[in-house]
Amino acid sequence: MVWAFVTVLFLSALLIFGCFCYTFKKTENNEISSAVKKLLLSGSVCIWLYVSAIFIESDIISAVLFGLYNICDDAVVICLIIFAEKFTGNNDRLKGGKKLIYIYALADSVFLLINPFTKYMYTFKTFTGAFGKTFHYISSFRLFYAFHLGFMYMGIVIVFGILIKKIVSMPKIYKMKYAMVFISLCPVVSINAVLLNFETKFDYSLLFYVIVAVASFYFSLIYVPRGLMDRLLFFSVANMRYGIICIDVDGKCVHANKTAGIYCDAEMNSENVDIQVKRWFSEKISEKSKDCSWETQKRIDGKIRNCSIEYKQMFDNSFRYIGCFFLINDHTDDDEKLEAEKYRATHDTLTGIYNREYFYEETRKLIDKNPDTDYCIVCTDVKNFKMVNDIFGVSGGDNLLKVIANITANLAGGKCVYGRLTSDRFAICFPKERFDEDTVLYEYSKVSRAMGNSFFKIYIHIGVYEIEQRDVSISVMCDRANLAIKTIKDSYQNTVAYYDEKLRSSVVQEQKVIGEFENAMAMGQFLIYIQPQVNVDGSINGGEALVRWNHPQDGIVSPGRFINILENTGLISKLDAYMWELSCSQLKKWNDSGIENVYISVNISPKDFYLMDVYEVITGLVKKYNINPKSLHLEITETAVMSNPQQQLKLIKELRQFGFIIEIDDFGSGYSSLNTLKDITADVLKIDMGFLRKTENIEKSKIILEMVVSLAKALKMEVITEGVETKEQAVFLAQAGCDVFQGYHFSKPVSVSEFEENYLFKYITI
Ligand code: C2E
Ligand code: CA
Ligand code: CA
């Protein structure tokens, strides 16, 4: 009997250990599997310790082994609690309680270890079994053993509690899993409890450990509830957003989910699903086509829905036909979402018309699709749109843009593409024959009225590019139309401008100048020409330095062709500094060869004041070349002075203090000529005859000229008149009191050598 008990126990421990090894090798490493591993290992060790304690002959070793077995029993209970927690997902609920459990187990272990000497818990006896073998067993339990039992039962109660809670809360299909572990624990507990009341030699409840161990292992790691797959699949199909209809080998509908039911109007009549399927079979599915799909429309709840139907056959592992299914995908909402997204990406949020990118894209398509039609790009721009925002507020500005968008849309109608390019710029691509300048002007003139404000009139400028090169990008075409607008940007009218050959060549010229400038500077292609200035007595002791570009292909190029462009791009300051340096170095050369009392007038562009420290640069040059500042006359235009009077007047004062002669260039061309005179303290007033030449009434201009000269005189300023073309002009100006003359009547601007040879210190009779 003892032998049988011991053998069965040993084998059961072996089985538990086998499960441990399997878990160790085969299952993935997670919290549950590691809890199972601990439980299995502690269980098998526990049984082996018990078997060894019974089996061993030595009293003392047996006593120690019994102690270790009981300690291991505690460990099994702790592992069981941890397993129950992980298994049920009831993680860490015990938190603080767990510490108490460990302390309790530790105290219990100490008592168990010292029991062989104290015998407070139990005592041992031996008896002789078959084959004369002596076995040990625990003979009588003392009161202190209750401490150990208390721990065991408390642990079991916790585990039962965790399991019962889980069983109650889980859906039916999962209950079994937890219930089985619960049930497996019952024999151990109940037999142990019963045996306590009978003084048996051995703890037979240990025989049932194996059930607990195997059940825990199997139900936590291996077991999948039966039918779970079917149920999960059923529910996922039932709740799918796709409609699905399953057909068996006989062509009978075995399942149609809710969505499919709605599609087939099955709520009205369940036969409708069969009717629909039959129709599909007869209309859409041919013998040959195994799997196929098609698009269809269906009215559901009064709304047309776009659906795609997919037909698929199913085969078993031996490739025998077992049925088929229809998948119904109602993609109306997806389509609408996509549409909305596309709309957002392609339309301007404020006005609802095409945005720039989409305008480009659609225009490109339109032009490419109709190679025989001629098109033009019409761009619009609101004059002073910033001011509209200032006056009417941002919402007023927005309203204006909406009005323009409406007019643009009406003008375009069909066959045209239109859109908003940037803030106040709109564009239409017209077939040329449909574009009518007057209509466009008339329609856009309604903008001002639409704003309902008679104080502030809104002007729309229109630029037209008649498409000749169809292969350039639409953005370049719009740039061309916008470039045309630039030519009318100052106009106070609703005006149309065309991108034409002149504009094109000016753009080309502009790009050419910008592209070649740096290299031309480096190669020294900019030359100084001097236009002699003739004193009233006919003597010449200076002139104005005027730049000439000695272009390798184009020859000598006049500044009129490039100064503006350089001013617009900010390159002018480099050229001017260079011209000043050339002038200073020329003055120095003259000085060195003994020629004194000669001067050169240099031009200072209004832009220079923004682009560099004019004072620093120009005084630096004078110091560098060690020349008298009086020999460098500085021509500053009236416009430059008046653009920032305070700062400019201060600068002029400083330049004069340094010793330069300051000339007010182009006097009379600005807005506030007489006003300027009031504030400015300059040395010379330079009047351009050209401004007066433009008037019809010569007598009047003569009077004005006389007045200006006498005014300058009264202000102690010298007067130079440039643009003097005839003898009469020179005589008249001399009589009027003019001090110096410059003009074609005396000489055109000439090279430095020619100036030296023919003009410097020569006399010309007026
Ligand atoms: P500006 O400073 O008013 O120079 C006078 C211009 O009038 C010169 O043209 C000169 O050739 C021209 N001119 C002289 N006498 C007569 C005449 O009797 N009749 C007519 N119709 N024109 C006459 P240019 O040399 O072509 O220079 C044009 C403009 O270019 C200059 O006007 C000046 O504003 C600018 N410029 C020339 N060189 C420079 C420079 O080095 N720096 C800067 N910033 N501007 C320069
Ligand atoms: Ca000048
Ligand atoms: Ca001038």
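Once the Cα-Cα distance is subtracted from the 0.36 nm per residue extended length, the N675 to T128 segment shows a gain of 183.2 nm. Counting only DSSP beta bridges whose two residues both lie in the stretch 511-758, roughly 40 percent are antiparallel. Pairs spanning more than 32 Å between alpha-carbon atoms, out of K457/K650; K415/K486; K99/K177; K25/K98; K369/K512; K290/K369: K457/K650; K369/K512; K290/K369.
In a fully extended conformation the segment linking Q647 and K172 would gain 161.9 nm over its present Cα-Cα distance, using 0.36 nm per residue.
Put the Cα centre of the stretch 388-455 next to the Cα centre of the stretch 339-363 and the gap is 17 Å. Using every pair of separate Cα atoms, the Kirkwood estimate puts the hydrodynamic radius of the chain at 38.6 angstrom.
Shape descriptor for the stretch 159-259: Rg over Rh equals 1.27 (Cα atoms; Rh from the Kirkwood inverse mean 1/r).
The long axis of helix 698-714 is offset from the longest Cα principal axis of the chain by roughly 80 degrees. Estimated from the Cβ-Cβ distance and a Förster radius of 60 angstrom, the FRET efficiency linking I191 and M240 is about 0.75. Anything over 19 Å Cα to Cα? Flag those among K623/K716; K686/K716; K38/K119, in the order listed. Violating the 19 Å Cα-Cα cut-off are K623/K716; K38/K119. Only Cα pairs under 8 Å and 6+ residues apart enter the sum, and on that basis the relative contact order of the stretch 347-499 stands at 29 percent. The Cα center of the stretch 308-324 and the Cα center of the stretch 547-603 differ in position by 90 Å. Towards the positive end of the charge dipole of the stretch 658-766, with charges on Cβ (+1 Lys, Arg; -1 Asp, Glu), say which of A734, G659, S753 has the farthest Cα. Toward the positive end, the furthest listed residue is A734.
The label point for Y218 and the one for F198, both projected 7 Å from the Cα toward the Cβ, are 2.7 nm apart. For the stretch 113-125, putting each phi into the Karplus relation 6.51 cos²θ - 1.76 cosθ + 1.60 with θ = phi - 60° gives couplings of 5, 8, 4, x, 9, 7, 6, 6, 9, 7, 10, 10, 9 Hz, in residue order, rounded to whole numbers and with x for Gly and Pro. Look at where the Cα atoms of the stretch 222-295 and of the stretch 717-753 average out, and the two centres are 103 Å apart. By the helix-only formula, in which each DSSP H run with n ≥ 4 contributes -39500 (n - 2.57) and the sum is divided by residues, the chain has a 222 nm mean residue ellipticity of -17500 deg cm²/dmol.
In percent, rounded to a whole number, the relative contact order of the chain is 6, using alpha-carbon pairs under 8 Å and six or more apart.
Each of K98, K432, K38 was scored by other Cβ atoms within 10 Å of its Cβ. Listed from fewest to most, they are K432, K98, K38. Between S585 and Y321, the FRET efficiency from the beta-carbon distance, with R0 = 60 Å, is close to 0.05.
None of the figures in this text is laboratory data; all of them are computed from the coordinates on show. Source: prediction; values computed, not measured. Heads up, the Cβs are rebuilt from the backbone with ideal geometry, glycines too, and the neighbour counts pull from every protein chain shown.
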